[in-house]
Every structure is written in structure tokens, then in C-alpha cells.
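The values are calculated or read from the model by the stated rules, or taken from the named source; none is laboratory data. Remember, it's a predicted structure, so these values are computed and weren't measured experimentally. Here the Cβ positions follow ideal geometry from the backbone for every residue, glycine too, while neighbour counts run over all protein chains shown.
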Amino acid sequence: MLSNGVKRELTWIISNLLIMLFLAWLTGLWTEGLLLFILFYIGRQLWSIHKFENWMASRKTNAYPPASGYWSELTYLVSKKQRALEKHADLNLYKSEQFKAASMLIPDAIVSLDHHNKIEWFNTVSKSLIGVRRQDIGVKIESVVRQPEFIQYLKSANFSKSLTVNSSYKKARTYEMQVIPYFENHKLLVVRDITELYQLAQIRRDFIANASHELRTPLTVLRGYLEVMIDTPGEHQKTWGVPLEHMETQSLRMQAIIEDLLTLSTIEAESIASEKEQVNVPEMLKQLEQDVKQLGNKNHDFVFDIDESLVIKGYAEPLKSVFTNLVSNAVRYSPDGGEIVVSWLKDNANIVFEVQDSGLGISQEHIPRLTERFYRVDKDRSRVTGGTGLGLAIVKHVLERHGAELHIDSVLGKGSVFRCEFPMDA
């Protein structure tokens, strides 16, 4: 089926050819008439092309150029497409302006970066928060935000987690920085001022650490008197023997909670030495194997699968706390005769510490909250077994310090697997 443009052109050719043939019949100049028609047709095409090119090159929205036949239809189609593109461009411009206007009202600093990390645009808050200026457009963000931690974070290209930095720009503040990749290698840098939140968290940590430290002394005194009263024979043993033993059990539990709180506060306060050291994990696990066998009263079957050549860089005491907590939990929540498998192996791109038990298992709804402080799946059982509810919180914070991740898999009635994945360069 012929298009409208072709139909118009054929109509023009046929009508003008008939006129030319009629004139040739009147004059008898058939050859001259046909040649004149061909020259007129070529001239018309060249003139139409010239007018069309001028119309296309013009930036003004001129009316259609005078044309007929195929060129009239072509001009109409191009003009229609142009209007559609202009409408689409106007809509995109409106959305872009709307997004920029909204970003200016956001209380966080937002900076758009290209694939070379050069600044493309930024919102108003960026000026006061991180000191970006208009003349910084086209400048690399590292030249504006010069914190070594941020530069290292940017070079790592691992933006799955945010970065917390302390800045002295204008005044001492604490910022949370997050780089979000978007649209063909572009990035958004989002900076949030968390100074107040950080200070509140610090106050909470200090309170817990100070309160725990202050409770140590009176608790030590109470335990001392309890031990004397329990060990001293006399008539009071008939009446107070059992209550005194219960009091001693609870004081031991309270002491364990205080020790765990102090450990957690130390980790959260980042008081671990900044320089990592070579940690002989296999030797540490051998010692742990002897300790947990005594803890389990030889009622559990232990299997330790350890790669003795596998050592990592880290912090020895916190790592020991991780291993001890996970293995102790497996002993604590596994029935007598249960099997506990402890592994320290290489697995693909990770170094893995894994503890697998054949205990009671954990319901899936509890797993996301296991690393929260004092969260217990079974509070009554935790009190009986001596759990403080802080062990997995300590594990989580230590693993974060080492760039590692904790994965928990559990099935009710069959047991649990706690898997710590350390990066190979740890």
C-alpha cells in the first residue's frame, strides 16, 4: 500500500504531465515539451530540498515551507515528530527541575558525581555541610572532601555500607556518608549530619560502661560475703543454705552480664588498637576445644575441622570473644549427646568460621533480632543456662570491625549454623 507522500507525489507528476502533454499536442513540440517537464521536475525537487534544509536548520519554529507532493508530507511528518520530541523534552526538563527543586529542600547534602568522580551539581545544604562551592563544578570530589577515610571509601568502590567520619570543617561534627551508584556510572553522594545522634549514642555507651564499672565493686563485696556464709558451717545452713546458693548463682549471672556489658562498651567505643596483628586462629581454637569440652561436661560430641595454616590479621582478644561466644552458645543450647561441629576453613573468596549444632533450633522470625542486646528466644531457658543476651551483640560488633559478616541458618528441632565470613584479605 502506497504511503500518503508517494500518493501526493504521483498525483503531482500525473496532473502536471497531462498538462504538459496537452500543451505539446497543441504546439506539436513533443520532444521539447517532455524535456521541459523533466527539467521543471528536477528544478522543483532541488528547490524543495533547499527549502527543506533551511527549515530544518532554522532554530525558530517556522511554519511549513511552501511545498507540494512528497515534500509536503515529509515536512508534516518531521514537524509532527519535532513537536512530540519538544513535548517530551519539556516534560523531562520539568521533571529534572522538579527533582532539583526537591533536592534543595532535603536537609541532607546531595552531590551528583560523574564516572570520574567530578562534581556535576549539588544542593544548597552541601555548601554549609561539606563546603562545596559553585566553582567546584567539574572538580573531583576528593579535592573538596579531603578526609582520608572518605577517599579510601571512594576508591574501594564498595558502597554497600555507609561511612561515618568526624569533620572539623567550620566546627567539629560527625557525618554519615553514603555513595549511591545510578544511571550509567554516575553516583550520588549523600551526607547526613548525625552529630546529635552520635552524641546520644556516646552518652548511652558511657552510661552503660560507667554503671557496669561501678556495679563491679559492690557486687564483689556481696559475693565475698555470700561465699563466707555458704562455706561457714552452722545452724543457718538448714534455713539459709538453699537461698544462699540461689543468691550466689544469681550474683554470678549478674557478674557475667556486667563483664559482657563492659566488653560490648569497649568494642562500641572503638578502643581496640588501630593496628591489626597476625592472629594464630588455629592455636586459639585448639585451646578453645579443650575449654569447651570441660564446659560441656563431656556430654557433647565435638568435631573441630581446622585448617592449621590459615591465619588472619585482626584483633586477638575480640576474635577470641567471638569464637568463645558462638561455641559456648552451641554447648549451652544443645541437649546431652548432641554433636557440635566447629570449622575454620577457606571457602571461595572468604575465610569461614562456622559452628554447627544439633540443638533445639530457632524459629525464622527470631533470627533477624538475635544480635540485639538482651534479645532472647527463650528467656526461661537463658536464665537456666546462664546466658546474658549479649553474646551475639558482641559477635556482631567484632565482626563489623573485621569487615566480616554473620549468617545464621536454623531449623526448629534440628539445630543451627552460625557462619562468620571474613574477607580473604583480612
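So here's what we get for this one:
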item: Test set (1) within 30 Å of Thr174 (Cα to Cα); (2) surrounded by 14 or more Cβ atoms within 10 Å (Cβ to Cβ) - Arg204 fails condition number; result: (2)
item: Meets criteria (closer than 30 Å to Val398 by Cβ and in a helix (DSSP H, G or I)) for Glu248; result: no
item: Top-ranked residue in the range 70-92 [being of a type in the set (D, E, K, R) and loosely packed, with under 14 Cβ neighbours inside 10 Å; ranked as farthest from Leu10 (Cα to Cα)]; result: Asp90
item: Failed condition for Val132, given (1) in contact with a Ser or Thr (Cβ under 8 Å, 6 or more places away or on another chain); (2) under 30 Å from Thr266 (Cα atoms); (3) of a type in the set (A, V, I, L, M); result: (2)
item: Qualifying residue in the range 45-55 (condition: closer than 19 Å to Asn16 by Cβ, out of contact with any Cys (no Cβ under 7 Å at 6 or more places or on another chain) and modelled with pLDDT under 75); result: no
item: Matching option when the condition is at pLDDT 85 or above and out of contact with any helix residue (DSSP H, G or I) (no Cβ under 8 Å at 6 or more places or on another chain), among Asp336, Asp409, Asp425; result: Asp409
item: Condition met for Val165 (β-branched (Val, Ile, Thr), in contact with a helix residue (DSSP H, G or I) (Cβ under 9 Å, 6 or more places away or on another chain) and within 30 Å of Thr263 (Cα to Cα)); result: yes
item: Single match in Ile230, Ile267 (criterion: β-branched (Val, Ile, Thr), under 44 Å from the mean Cα position of the chain (by Cα) and assigned to a helix (DSSP H, G or I)); result: Ile267
item: Count - residues of the range 119-161 that are surrounded by fewer than 16 Cβ atoms within 10 Å (Cβ to Cβ) and either polar (S, T, N, Q) or at pLDDT below 85 (or both); result: 10
item: Single residue of the range 277-295 satisfying the filter (aliphatic (A, V, I, L, M) and either in a helix (DSSP H, G or I) or closer than 30 Å to Ala211 by Cα (or both)) that is modelled with the lowest pLDDT; result: Leu295
item: Check on Arg223, at pLDDT 80 or above, crowded, with 16+ Cβ neighbours inside 10 Å, of a type outside the set (A, V, I, L, M, F, W, C) and within 30 Å of Gln178 (Cβ to Cβ); result: no
item: Which listed residue, of Ser265, Ser274, is at pLDDT below 75, among the small types (Gly, Ala, Ser) and surrounded by 15 or more Cβ atoms within 10 Å (Cβ to Cβ); result: Ser265
